[in-house]
Amino acid sequence: RSVWGIPNYLFDLNLNLDVVNQLYSQWTTVDYIFTVTNEGDATATNIEVDATLPSGLVYSTHSTTNSAYELYFNAWTIPILAPGETATLNLQLFTLVGGQDITYFTEIVAQDQADADSSPGNGTGSVVEDDEASVTISPQSNGGTGTNMGNNDLEISITTDNANYSIYD
């Protein structure tokens, strides 16, 4: 890959987002796994991934490889990524909601070099380029009452002088 003997480097980053389990229960944690892989033939620098939390989820903890996560800025930054190298962010989020699908969309918003097949930070909102990723988690079905209830169901019984009330969630 060269023109007139001058190397023509290819910069190509690929973003992936996955979850450990696509079913969730309210008041539990969900493990999200972000990966950025340098599929080009040159080192990429100063990569930033938008890690804004979806509605209904709050931060619990995280771990990274070859990178740093800044909760305050909702940003995952990778200072340098060599060809073939991968950086990982494991983000554990706590669910505040239940009974609805939660979609997490993320994208690479900045890098020093122009990407060969995508435009970092173009905000498409859906996955159309390899620098964008999305995953949806769905509520776990917990039907039943009494002793047949699922692990995350709630049963409250209140007894007063004149009545007995039961609440199931």
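Calculate one ³J(HN,Hα) per residue across region 28-45 by plugging θ = phi - 60° into the Karplus curve 6.51 cos²θ - 1.76 cosθ + 1.60, and present them in order as whole Hz with x for glycine and proline.
Values, residue by residue: 10, 9, 10, 9, 9, 10, 9, 9, 10, 10, 8, 8, x, 10, 9, 6, 9, 10 Hz.
Considering only protein heavy atoms and a 1.4 Å probe, what is the carbon-and-sulfur percentage of the accessible area of region 1-115?
Within region 1-115, the accessible surface is 51 percent carbon and sulfur.
Provide the per-residue ³J(HN,Hα) series for region 12-17, in order, calculated from phi with Karplus coefficients 6.51, -1.76, 1.60 and θ = phi - 60°, each as a whole number of Hz, with x at glycine and proline positions.
Values, residue by residue: 8, 9, 10, 9, 10, 9 Hz.
What do you get when you divide the Cα radius of gyration of region 6-89 by 2.2 N^0.38 Å, with N the number of residues?
Compactness ratio reported: 1.25.
Which cross-chain or sequence-distant (5 or more) residues have an amide H under 5 Å from the amide H of ASP131, H modelled 1.01 Å from N in plane?
LEU15
Counting only protein chains, not ligands or nucleic acids, how are SER55, SER60, SER118 ordered by accessible area (probe 1.4 Å), most first?
Of SER55, SER60, SER118, the descending order of accessible area is SER55, SER60, SER118.
Where Lys and Arg each count +1 and Asp and Glu each count -1, what net charge lies around HIS62 among other residues with Cβ under 12 Å from its Cβ?
-2
Could you please report the charge total around ASN16, scoring K, R as +1 and D, E as -1 over all other residues with beta-carbon less than 11 angstrom from its beta-carbon?
-4
The values are calculated or read from the model by the stated rules, or taken from the named source; none is laboratory data. What you are looking at is a predicted structure, and each value in this text was computed from that prediction instead of being measured. Virtual Cβ from ideal backbone geometry, glycine too; neighbours counted across all protein chains shown. With ligands, DNA and RNA removed, areas are computed over all heavy atoms of the protein, side chains included. Shrake-Rupley method; radii C 1.70, N 1.55, O 1.52, S 1.80 Å.
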